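J.: Supplied in structure tokens, the structure appears directly below.
Only the coordinates and a few stated rules stand behind these numbers; no lab work does. Small disclaimer: the values here were computed from a predicted structure and weren't measured. Here Cβ is always computed from backbone atoms with ideal geometry, including for glycine, and neighbour counts include all displayed protein chains.
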Amino acid sequence: MPTLNNIVQFIRRQPRWRLIVGACVLAAVVALFLATGGAAAGKSPTFSARRGPLEITVLEGGSLQALESQEVKCEVRVGYQGTKILKLVEEGYLVTEDDVKNGKVLVELDGSELQKQIVQQEIQLQSAVAALIDAQQNYEIQLGQNASDIQAADQKARFARMDFDKFLGDTLTANIIEQVGLDKLLAAASTNNVEQTTRAEEAAPSDKPPAPGKDQLAPAVGGVQPAVFRTPTPVGSSALGVPASAGQSPVAQAVLPAAGIPAPKPSDISDIPEPDAPKSIAIDFSQYASIDALGDGEAKQKLRKFDDDLQVAQKELGQAKGTLEGTRRLFDRGFVTKTDLQRDEIAYENTRLKVVTAETAHDLFLKYDFLKSAQEFLSKFNEAVHEFDKSRRVAISKLAQARAKLKSAIGQEKVQSRQSKDLNEQLEKCTLRAKKTGLVVYGGARDDQFYYGGEERIREGATVRERQAIITIPDLTRMSVNVKIHESYIKKVKKGQKARMTVDAFPDEILTGEVTKLGVLPDSQNRWMNPDMKVYLTTITIDGTHDWVKPGMSVKVEILVNKIDNCVYVPVQAISPDGGKQVCFIPHGLKQERREVQVGEFNDEFIEIKTGINEGEWVLLRPPDGLEPQKPGKDQKEKTPENNKKAQPSTPVVIPASAPATAKKA
């Protein structure tokens with residue numbers, strides 16, 4: 001191995017020009033080293049990896065606002081032009097309890113147009129009330145007219161039935177009526193539900209037919225008690241009354257009792273059967289032309305009288321015949337004169353003629369008078385029954401028309417009354433009074449975010465639309481902060497998480513609170529302004545009450561989403577993506593080591609190192625010059641957070657411009 005002396009002797013033996021060239025080459029190498037690696041290593045900031053607790057937070061900015069606030073809105077239904085503000089309380093006015101008790105006027109809107117409409121509406125209302133009273137009176141008149149018409153028809157039918165029963169007897173007439181089907185017509189007519197509603201009896205009648213009255217003249221026909229044989233039931237039933245509608249206007253409620261008209265009731269006449277056209281009824285009454293077949297009626301009495309007269313005449317004829325035969329024997333013997341014989345012959349002829357007359361009268365009655373009278377009484381009863389049914393139907397029709405007019409009048413009065421009431425309420429809404437204490441702020445709670453096109457600034461003389469917020473009175477005792485959380489962090493933020501807040505106007509004051517509301521969908525407003533950026537509105541409620549906190553102040557919010565008790569962490573700018581992996585650089589004198597690491601949770605300053613770096617190791621806060629991270633390949637490009645905005649940043653991708661205060665240079 002050559003010694004130092006040998007080397008020195010070797011150099012001395014070399015030519016001078018070779019020594020000069022070697023010195024220049026050595027100087028150039030040293031200069032190049034200092035200009036690249038050495039200079040870079042000396043200027044790059046470093047950080048010593050630490051072990052300890054690490055708070056994972058989400059930092060966002062927002063503005064203060066009241067958790068609850070009262071919005072004083074324009075509730076006047078105005079047209080396209082809107083309504084003007086006549087008077088307006090100054091912004092920043094503090095509404096006190098006395099203002100609420102005294103009903104201090106906050107906003108006064110223009111109500112001149114409503115006053116004109118109220119005058120016109122009052123005229124229409126009075127006309128509707130007059131029409132309602134007229135319809136009520138017509139309805140009562142129709143009730144009375146129906147009662148009179150049906151009572152007359154009922155009486156006529158009852159009298160016709162009485163005549164029929166009188167002639168043939170009630171038992172026989174009942175069978176005949178059932179045979180010809182008049183009992184069904186009577187039953188149908190009795191279900192027309194036309195009963196009078198009188199002032200003395202306002203109770204609704206029972207659905208069941210009443211028991212026969214004392215004035216019933218005949219038994220039920222076919223098991224159904226005809227209406228014409230009950231105690232006459234007045235007309236105008238609940239089935240035809242005007243319904244006493246719920247929510248009836250005060251005017252209509254006052255008109256009915258004042259006029260003495262009972263409250264109308266609902267009706268349904270759809271069940272009324274179709275009327276049967278009157279038709280002649282032909283029955284062979286000759287089968288009843290006998291004493292045994294007839295009932296206890298006038299026909300039986302007449303037939304019995306004819307039979308009695310015939311029997312008397314026949315007995316007298318027999319007696320006259322015996323007398324005549326005796327007189328002839330006496331005349332032949334000469335005991336009586338011819339005059340006596342002629343007298344007995346005349347008496348016999350008279351009695352014979354009486355027998356012939358009685359027989360003829362008996363036969364004529366059975367053959368003509370009996371059949372004619374029976375058919376006539378039946379026809380009159382049939383006509384009376386049909387007329388009774390017709391009268392009831394006509395009464396139903398007329399009463400339905402009167403009821404329809406009354407319902408229409410009641411409806412018109414209700415509409416006009418409701419419109420009049422609505423206009424008066426609208427006029428009252430032109431004056432907006434204090435209902436809650438707080439600070440007066442012009443506009444709505446979200447008017448600082450955007451305005452509707454064409455809306456004027458809230459001031460006296462400005463035009464406002466319906467449902468537009470004029471004044472907002474926030475509740476200063478419960479304040480909150482609205483922030484927008486990026487979609488990459490929204491999964492970490494949950495309700496109930498604690499937060500720290502700093503107001504820009506009071507940087508030394510720290511507020512605490514918790515997350516109380518998370519947006520389910522991305523903010524719609526932000527979707528229009530920046531479609532590629534999805535943020536979720538999140539509300540953080542501030543703990544306690546602070547007098548110096550005012551709505552609209554800018555606030556920085558730090559939400560504590562997780563806390564790692566013990567881990568190794570470094571600044572986020574020390575980690576760089578490299579080919580789909582996370583790497584950092586470790587300085588070793590004039591050299592730097594590229595090391596792959598596995599990262600975990602991170603906040604805005606530090607990131608958790610799971611493997612790859614030990615506590616106390618120094619890391620570069622930025623890659624050294626000449627050792628830039630490799631770009632990902634084509635298959636890895638979409639997986640890198642820098643090239644995929646939709647990927648969740650499980651690793652930091654943004655390198656801050658300046659290092660944290662804890663970093664130091666080597």
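J.: Pop a pseudo-label 7 angstrom from the Cα along the beta-carbon direction at both Asp369 and Thr545 and give the gap in nm to one decimal.
T.: 11.3 nm
J.: Which three extents, in whole angstrom, do the alpha-carbon atoms of region 118-189 cover along their principal axes, largest first?
T.: 73, 19, 11
J.: Quick check: Cα centre of region 85-133 to Cα centre of region 481-522, how many Å?
T.: That distance is 43 Å.
J.: Which links in Lys429/Lys484; Lys429/Lys495; Lys495/Lys534; Lys484/Lys550; Lys305/Lys338 stretch past 28 Å when you go from one Cα to the other? Could the numbers behind the result be given before it?
T.: Numbers: Lys429/Lys484 37 Å; Lys429/Lys495 40 Å; Lys495/Lys534 19 Å; Lys484/Lys550 20 Å; Lys305/Lys338 37 Å.
Flagged as over cut-off: Lys429/Lys484; Lys429/Lys495; Lys305/Lys338.
J.: Under a 5 Å amide H to amide H cut-off, with H placed in plane at 1.01 Å, what residues pair with Arg433 once short-range neighbours are removed?
T.: Under 5 Å from the amide H of Arg433 lie the amide H atoms of Leu106, each far enough along the sequence or on another chain.
J.: What is the distance, in nm, between label points placed 7 Å from the Cα along the Cα-to-Cβ direction at Glu456 and at Lys517?
T.: Here the modelled spin labels are 3.1 nm apart.
J.: A follow-up question, please. Any idea how far the Cα center of region 360-431 sits from the one of region 283-333, in Å?
T.: 55 Å
J.: Once fully extended, how much extra length lies between Glu376 and Glu615, figured as 0.36 nm per residue of separation less the alpha-carbon to alpha-carbon distance? It would help to have the intermediate numbers written out before the result.
T.: Numbers: separation 239, 0.36 × 239 = 86.04 nm, distance 12.97 nm.
Taking Glu376 through Glu615 to full extension adds about 73.1 nm, to one decimal.
J.: With N set to the residue count of region 498-603, report its C-alpha Rg divided by 2.2 N^0.38 Å to two decimal places.
T.: 1.55
J.: Expressed in whole Å with the largest first, what are the equivalent ellipsoid semi-axes of region 574-624 derived from the C-alpha gyration tensor as the square root of 5 times each eigenvalue? Write down the numbers at each step before the final one.
T.: Details: eigenvalues 62, 32, 21 Å².
Ellipsoid semi-axes (Å, largest first): 18, 13, 10.
J.: Check which residues have an amide H placed less than 5 Å from Asp604's amide H, if you skip close sequence neighbours.
T.: Thr57
J.: Could you tell me the calculated FRET efficiency between Glu359 and Asp332, based on Cβ-Cβ distance and R0 = 41 angstrom, to the nearest 0.05?
T.: 0.80
J.: Would you please give the FRET efficiency between Thr477 and Val119, computed as 1/(1 + (r/R0)^6) with r the Cβ-Cβ distance and R0 = 51 Å, to the nearest 0.05?
T.: On the way: r = 46 Å, r/R0 = 0.90.
Once the sixth-power term is evaluated, E becomes 0.65.
J.: Given the peptides 151-161, 315-325, arrange them by the average over their residues of other C-beta atoms within 10 Å, most packed first. If you can, show how the numbers build up before the last one.
T.: On the way: 151-161: 20.1, 315-325: 15.5.
The densest-packed peptide leads the list: 151-161, 315-325.
J.: Okay, next question. Give me the percent of Cα-Cα pairs in region 365-496 that sit more than 21 Å apart, rounded to a whole number.
T.: When all Cα pairs of region 365-496 are counted, 75 percent exceed 21 Å.
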